[in-house]
Amino acid sequence: MNSVAPLTKRASWRSLHDHFGKIQGQHLRELFAQDPSRGRTLGVEAVGIYLDYSKNRITQETLKHLFALAQESGPRSAIEAMFRGDAINITENRAVLHTALRASRDANVQVGGKNVVPDVYEVLDRMGDFCNRVRSGAWKGHTGKPIVNVVNIGIGGSDLGPVMAYEALKSYSDRSRKFIFVSNVDGTDFAEAVQGLDPAETLFIVASKTFTTQETMTNAQTARDWLLEGLGAGHEAVAKHFVAVSTNASKVSEFGIDTANMFGFWDWVGGRYSMDSAIGLSTMIAIGPENFLEMLAGFRAMDEHFRNAPWEKNIPVLMALLGIWYNNFFGSSSIAVLPYDQYLKRFPAYLQQLTMESNGKRVTLEGNLVDYDTGAMYWGEPGTNGQHSFYQLIHQGTRLIPCDFIAFCNTLNPLGRHHDLLMANVFAQSEALAFGKTIQEVRSEGTAEWLAPHREFDGNRPSNVLLLDRLTPPALGKLVALYEHIVFTQGVIWNLDSFDQWGVELGKVLAQRIVPELESPATPQLHHDSSTNALIERYRTARHRG
Ligand code: G6Q
């Protein structure tokens with residue numbers, strides 16, 4: 001529990017409030033004019049990431065107050081509590097130790113009096129061995145053919161990390177194999193995924209921490225039927241075509257998967273923090289064990305930076321504080337994440353779960369309703385596509401949407417002028433957002449008076465630019481860990497449990513209740529509200545179920 005004062009009663013919060021009154025009217029044009037060196041001084045470089053945060057609506061005084069807020073909110077001790085394995089997920093009484101998944105082999109992380117690092121490496125080594133067998137063709141399907149198609153079946157944290165990482169690191173992947181991700185209970189997802197696949201060459205990874213998730217278990221059963229029917233084989237074929245990633249051995253064997261083909265993890269790994277665990281098996285098959293371990297080393301480098309760097313040089317802490325500045329003082333409700341790299345096309349979707357499931361909470365650790373806004377909405381698309389779509393609203397709309405631009409100095413696909421053009425767009429966008437185009441500038445171009453307001457850009461729209469060298473496995477690890485730690489820092493300041501997700505429960509429970517009402521051949525007695533009853537009746541009629 002947080003022993004510090006409630007957020008809005010903290011001295012630093014009140015100072016920030018007063019300071020906001022003074023600075024809110026200041027334009028980035030003025031801030032840059034007052035301090036021409038700002039573009040260099042408000043930048044920080046660590047673990048191969050350069051963060052330019054100069055185009056934020058802040059001064060040195062703002063930073064002083066924000067660091068005071070960090071200090072007063074106690075993240076230093078909270079960080080240590082997380083890394084140490086304290087049960088900081090208080091509503092589920094669990095440790096939160098995704099950092100142990102990427103600890104070095106000789107590290108010692110105690111959970112319940114036991115060092116968990118040897119267990120982590122035991123699983124990583126088994127995963128490596130399995131991946132090498134699949135990749136070399138030594139692992140054969142039931143009919144003796146090697147595996148060509150790998151289908152990951154999972155949802156939420158058991159899907160978004162693997163699919164994002166596969167897309168991000170495709171350039172490092174084994175191109176002779178196909179990697180497919182099935183998540184939705186909508187049968188279309190499965191049907192389209194297996195179009196044209198030969199079951200004899202297909203491996204299913206059933207990735208589910210609990211092994212009870214409705215969507216995943218339904219897809220896994222459909223996959224088993226598809227496989228056995230396609231092969232014309234009995235249950236003995238399952239062992240060569242199904243492996244499981246789970247914490248629930250009994251459910252895995254109940255499904256018919258040999259637990260020798262199960263890769264485990266632990267209750268101290270949250271779903272949305274699990275891509276470094278065995279949930280990353282598909283990633284490892286795609287990019288190989290060495291690249292996977294390099295990705296983990298990238299995570300570890302960011303973990304160490306977060307744990308040890310002083311606030312003013314700490315990239316996750318700086319970005320977390322800036323997020324709070326806009327969320328709680330400027331009233332921004334969303335943050336756009338705009339990667340200028342096509343391989344990161346699923347990164348915003350990944351961050352949506354990480355950020356919004358973690359900090360989309362309205363009660364404090366003590367169970368009190370907050371009197372401030374918490375988690376912002378994260379969204380985005382890769383540049384430059386977004387520029388031809390929603391950027392209009394970011395440039396000229398009525399809402400303030402801080403942006404995180406992510407770019408790499410070197411491309412993995414050097415084709416002609418493409419990369420220079422791409423990078424010119426990143427720099428131009430953050431420049432245009434910050435400085436805009438005044439009405440005088442518009443008029444001086446000879447624009448008609450009636451048209452001028454439409455062509456004015458008021459600017460003063462903040463952004464961060466994250467610049468890295470190249471999208472490598474460690475670079476991806478650093479980026480993901482960066483956002484994990486932003487979420488953590490904000491959760492500490494807002495005094496939330498960032499590691500539970502009770503908000504997803506109610507809909508699941510209600511759906512279970514409705515399933516028999518849709519499926520029953522006899523007309524069911526419905527006891528919902530009149531809207532839900534009418535929708536169920538209409539559906540049954542459309543399906544000729546009376
Ligand atoms: C993430 C959540 C959630 C979870 C899925 C899948 O933090 O816990 O997204 O990952 O509901 O759960 P299983 O892995 O248990 O199937």
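Laboratory data are not the source of any read-out in this text; all were calculated from the coordinates shown. What you see is a predicted model, and the numbers here were worked out from it, not measured in a lab. In this analysis, Cβ positions are derived from the backbone assuming ideal geometry, glycine residues included, and neighbour counts consider all displayed protein chains.
Side notes on the structure shown:
- Approximate spin-label separation A33-H17, in nm, with each point projected 7 Å along Cα-to-Cβ: 3.2
- The packing ranking of peptides 428-438, 137-147, highest mean first, is 428-438, 137-147, where packing means the average number of other beta carbon atoms within 10 angstrom of each residue.
- Among F427, F405, a tally of other beta-carbon atoms within 10 Å of each Cβ gives an order, fewest to most, of F427, F405.
- P(r) for the chain, from all Cα pairs and a bin width of 10 Å, is 3, 16, 25, 24, 18, 10, 3, 0 %, short bins first.
- The HN-Hα couplings worked out from phi for region 324-335 by the Karplus form 6.51 cos²θ - 1.76 cosθ + 1.60 (θ = phi - 60°) are 5, 4, 6, 5, 9, 10, 7, x, 5, 10, 9, 10 Hz, whole numbers, x standing for Gly and Pro.
- Cross-link table K22/K437; K361/K478; K140/K478; K170/K478; K55/K345; K114/K209, entries beyond 29 Å C-alpha to C-alpha: K140/K478
- Ellipticity estimate at 222 nm from DSSP helix runs (n ≥ 4, -39,500 (n - 2.57)) divided over the chain, nearest 500: -13000 deg cm²/dmol
- Sorted by Cβ neighbour density within 10 Å, fewest at the top, the residues R177, R399: R399, R177
- Annotation: the residues T472, T210, sorted from fewest to most other C-beta atoms within 10 Å of their own C-beta, follow the order T210, T472.
- Across the chain, Cα pairs under 8 Å and at least six residues apart give a relative contact order of 18 percent.
- Under the criterion of Cα pairs below 8 Å and six or more residues apart, the relative contact order for region 1-144 equals 15 percent.
- Calculated FRET efficiency for the pair H235/R76, C-beta based, R₀ 56 Å, to 0.05: 0.55
- Sites matching GluC sites (Glu not before Pro) across region 293-377 that sit in DSSP coil, with at most 13 neighbouring C-beta atoms within 10 Å: E366
- Taking amide H as placed 1.01 Å from N in the peptide plane, I406 has its amide H under 5 Å from the amide H of L338, Y340, L466, each at least 5 places away in sequence or on another chain.
- Residues in region 184-211 that a label on K145 would reach, taking backbone N under 15 Å of a point 7 Å out along Cα→Cβ: 194-204
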